[in-house]
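Written out below as structure tokens is the structure these notes cover.
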Amino acid sequence: MFRIDFNKLRFLVCDDNPHMRRILRTLLHSFGAREVYEAEDGATALEMYSLYAPDIVITDWAMPIFDGLELSQMIRQPDTKGNPFAPIIMLTAHSEKRRVTLARDAGVTEFLAKPISAKGLYQRVLNCVANPRPFIKTRNYFGPDRRRNPNANTYIGPERRSGGEAETIHQPSLLDKARVTG
């Protein structure tokens, strides 16, 4: 087992609820993070994303101007300013399968249902850092491989990959940046 040094990671927290932002900031600080930037809507978050180049984005689904789903889609555009490979953790009080699927298809890396716990948040961040999924680029999608186990490539059904040919891209790992050494 290894530990990650949260002090080496930059976070962007986007939620329209100031109490939720404070909870997330407090939890991230308790894990050791020092650089935690906050935005109250999707438009501000996108500006801050370009300005601060966070390593991980934590966003609420329902927000003004544009929501977390739209923010995720904008971050995943290869021509945007910033790193389109940054892990995105989606927060929402609505965790129906349909919403999880929509978030996954928008390029969200992890999904966390509210009310959140310290353990749940820590596990999602650790998974983003320690188990990065390769990115897939098709005509209709750019984001983390939607399959949790890419080695189980046995499905050959009618919707195998409807976006056409896929390019697999291995992004730089956050583990190299955040691993505790010594």
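The values are calculated or read from the model by the stated rules, or taken from the named source; none is laboratory data. Please read these numbers as outputs of a predicted model, since none were measured by experiment. Here the Cβ positions follow ideal geometry from the backbone for every residue, glycine too, while neighbour counts run over all protein chains shown.
What to note about this one:
- Qualifying residue in the range 127-144 (condition: surrounded by 14 or more Cβ atoms within 10 Å (Cβ to Cβ), at pLDDT 90 or above and of a type outside the set (S, T, N, Q)): yes
- Whichever residue in the range 1-54 is in contact with a helix residue (DSSP H, G or I) (Cβ under 7 Å, 6 or more places away or on another chain), of a type in the set (A, V, I, L, M, F, W, C) and in a loop (DSSP other than H, G, I, E, B) and, among such residues, is surrounded by the most Cβ atoms within 10 Å (Cβ to Cβ): Leu9
- Some residue of the range 15-22 being without any contact (Cβ under 8 Å) to a residue 40 or more places away in the chain and on the phi > 0 side of the Ramachandran plot: no
- The range 55-66 - residue that is under 22 Å from Ala113 (Cβ atoms) and under 15 Å from the mean Cα position of the chain (by Cα) and, of those, surrounded by the most Cβ atoms within 10 Å (Cβ to Cβ): Ile58
- Answer residue from the range 59-86, given it is of a type in the set (D, E, K, R) and assigned to a loop (DSSP other than H, G, I, E, B) and is farthest from Leu24 (Cα to Cα) among those: Asp79
- Of residues in the range 115-146 being in contact with a strand residue (DSSP E or B) (Cβ under 6 Å, 6 or more places away or on another chain) and either in a loop (DSSP other than H, G, I, E, B) or among the acidic types (Asp, Glu) (or both), the one nearest to Arg3 (Cα to Cα): Arg133
- Some residue of the range 96-113 being modelled with pLDDT of 90 or more, part of a loop (DSSP other than H, G, I, E, B) and within 25 Å of Gly32 (Cα to Cα): yes
- Taking the criterion of being more than 10 Å from Cys14 (Cα to Cα) and modelled with pLDDT of 95 or more, the only residue of the range 56-68 that qualifies is Ile56.
- Residue in the range 153-168 that is surrounded by 12 or more Cβ atoms within 10 Å (Cβ to Cβ), modelled with pLDDT of 85 or more and either more than 27 Å from Pro18 (Cα to Cα) or out of contact with any Ser or Thr (no Cβ under 8 Å at 6 or more places or on another chain) (or both) present: no
- Some residue of the range 74-90 being in contact (Cβ under 8 Å) with a residue 12 or more places away in the chain, over 19 Å from Pro144 (Cβ atoms), in contact with a Gly (Cβ under 7 Å, 6 or more places away or on another chain) and surrounded by 15 or more Cβ atoms within 10 Å (Cβ to Cβ): no
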